[in-house]
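What follows is a short report on a single structure.
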Amino acid sequence: FMTTLVVIVFAIWATTIEPNLTIVLGSRREDLSIKSLGAIKRILESYVPYTDKYGRRKPESKDTDLRLAWASSGIIVADRTDHRIKERTIEVVGVKSLDPGYHFDMGLWDDPHGDDTPEEIQSTWEAMQLYIPISHPWGIMAVTMTVWDDFDVPARMELEWSQDLAEPVLFQPAITQDWKTVLMPELYTLEKLDFYKRTMGLRAFDWRFVA
């Protein structure tokens, strides 16, 4: 659900409103970003409710080289009007494979790290900070992931970037304080949340999951 909303739907909506946008689509591994881009491509080129309204946005082969413009590693939408832009509309990366030569309007990150060691999370955090110089000053960065403790990337964003970001981190709780209402039933059940509470400890659980 979070990937669909923050990465796939957001990217489609943004490029539909402004086809000259450039977006970096990132995850902890490049193959995961490629999977998300595949879902985006299927909607842009063949999902009838979308194409009936906005047209088929895959370029024609006579107009461009589809090996570059409609590839697993990135796409250029057919309705782009500013052909001076060197970056593709959407470019996929793994979190540690950013190219400092890119410049993007928007960065959409899906699970930049898993439930990893502190050393792995720290290296991910350092890699993500490389994104800041290559994004436009007025750009957007969105990160979606489960936060397990205050060392994870979203918590670090809240702590270290709060002065620079208009809305640093939006935490979505999973259950109400009275323990009666699951707020994200598509992701969690009471049984699963009870398991997390027992394994994480009350303090960490309340910080992460409780409204």
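Looking only at residues of the stretch 160-195 that are of a type in the set (D, E, K, R), at pLDDT 75 or above and open to solvent by 70 Å² or more (accessible area, probe 1.4 Å), we find that the one that is nearest to residue 128 (Cα to Cα) is 192.
Being of a type outside the set (Ser, Thr, Tyr), in a helix (DSSP H, G or I), open to solvent by less than 80 Å² (accessible area, probe 1.4 Å) and at pLDDT 85 or above is a property that does not hold for residue 78. Being out of contact with any His (no Cβ under 7 Å at 6 or more places or on another chain), open to solvent by 50 Å² or more (accessible area, probe 1.4 Å) and among the hydrophobic types (A, V, I, L, M, F, W, C) is a property that holds for residue 17. Residues in the stretch 25-57 that are surrounded by 19 or more Cβ atoms within 10 Å (Cβ to Cβ) and over 21 Å from the mean Cα position of the chain (by Cα): 57 only. When the test is whether a residue is touching a residue at least 60 places away in the same chain (Cβ under 8 Å), in a helix (DSSP H, G or I) and either surrounded by 17 or more Cβ atoms within 10 Å (Cβ to Cβ) or not small (Gly, Ala, Ser) (or both), residue 93 does not pass it. Against the numbered list (1) in contact with a strand residue (DSSP E or B) (Cβ under 9 Å, 6 or more places away or on another chain); (2) surrounded by fewer than 14 Cβ atoms within 10 Å (Cβ to Cβ); (3) among the charged types (D, E, K, R), residue 60 comes up short only at (1).
For first residues located in the stretch 9-28 and over 25 Å from residue 129 (Cα atoms), partners that are outside any helix (DSSP H, G or I) and charged (D, E, K, R) and lie 6+ apart or on another chain with Cβ distances below 7 Å form the pairs 19/79; 19/80.
The values are calculated or read from the model by the stated rules, or taken from the named source; none is laboratory data. The structure presented is a predicted model; accordingly, all values stated were derived computationally and were not measured. Glycine gets a Cβ as well: all are built from the backbone with ideal geometry, and neighbour counts include every protein chain shown. Only protein heavy atoms, including side chains, enter the accessible area calculation; ligands, DNA and RNA are left aside. Shrake-Rupley method; radii C 1.70, N 1.55, O 1.52, S 1.80 Å.
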